[in-house]
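First the structure, in the form of structure tokens, and then the observations on it.
The values are calculated or read from the model by the stated rules, or taken from the named source; none is laboratory data. It should be emphasised that the depicted structure is a prediction, and the values quoted were computed from it without experimental measurement. Heads up, the Cβs are rebuilt from the backbone with ideal geometry, glycines too, and the neighbour counts pull from every protein chain shown.
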Amino acid sequence: MSCPVFIAESFAVRTSAHMLHLASHSYAQHIALNEFYEGMLDKVDSFAEVYQGVNGQIEKYPSITPDQTDDPVELLEEYLDTITAEERVCKNSQALLNILAELEQLTKNTLYKLKFLK
């Protein structure tokens, strides 16, 4: 996966989580998704800036439509796969791997809340 694709997919996941947050009938889910989409912004932005600091400015990002799933657990589990794929691409930059680890932590923390704190 390329960095511009990862960034675009991350923001699409963030938008999907925000929509699920707004449509939720569960207070616990509402709060967990709120924490997720708010936490994503700084982390993905930092990832993009560090990448560009190492590799030069990204001139164009792909257009990715947010997933319209009704299942936030499925959405976040698929996003974990996206993070794992990007880790393989960024294996030569500890700074980028650190940010990906933070995104993984946020995602797994949210999955815990969605699965067990109802």
Checked against (1) surrounded by 13 or more Cβ atoms within 10 Å (Cβ to Cβ); (2) over 30 Å from Q94 (Cα atoms), E35 satisfies every condition except (2)
Region 38-81, residues that are surrounded by fewer than 17 Cβ atoms within 10 Å (Cβ to Cβ), β-branched (V, I, T) and farther than 19 Å from L117 by Cβ:
V54, I58, I64, T65, T69
Any pair with Cβ under 9 angstrom, 6 or more apart, that starts in region 73-87 at a residue that is closer than 9 Å to L111 by Cα and ends at one that is of a type in the set (A, V, I, L, M, F, W, C) and surrounded by 13 or more Cβ atoms within 10 Å (Cβ to Cβ)
V73/L111; V73/L114; L76/V13; L76/A17; L76/F36; L76/L111; L76/L114; E77/L111
Is it true that some residue in region 46-58 is of a type in the set (A, V, I, L, M, F, W, C), touching a Phe, Trp or Tyr at 6+ places or on another chain (Cβ under 8 Å) and in contact (Cβ under 8 Å) with a residue 60 or more places away in the chain?
no
Those residues of region 1-23 which are over 13 Å from L76 (Cα atoms) and touching a Pro at 6+ places or on another chain (Cβ under 8 Å) amount to P4, V5, A8, M19
Which one of these does D81 not meet: (1) modelled with pLDDT under 95; (2) out of contact with any helix residue (DSSP H, G or I) (no Cβ under 9 Å at 6 or more places or on another chain); (3) closer than 24 Å to H21 by Cβ?
(1)
S63: passes all of (1) small (G, A, S); (2) touching a Phe, Trp or Tyr at 6+ places or on another chain (Cβ under 9 Å); (3) within 13 Å of V5 (Cα to Cα) but (2)
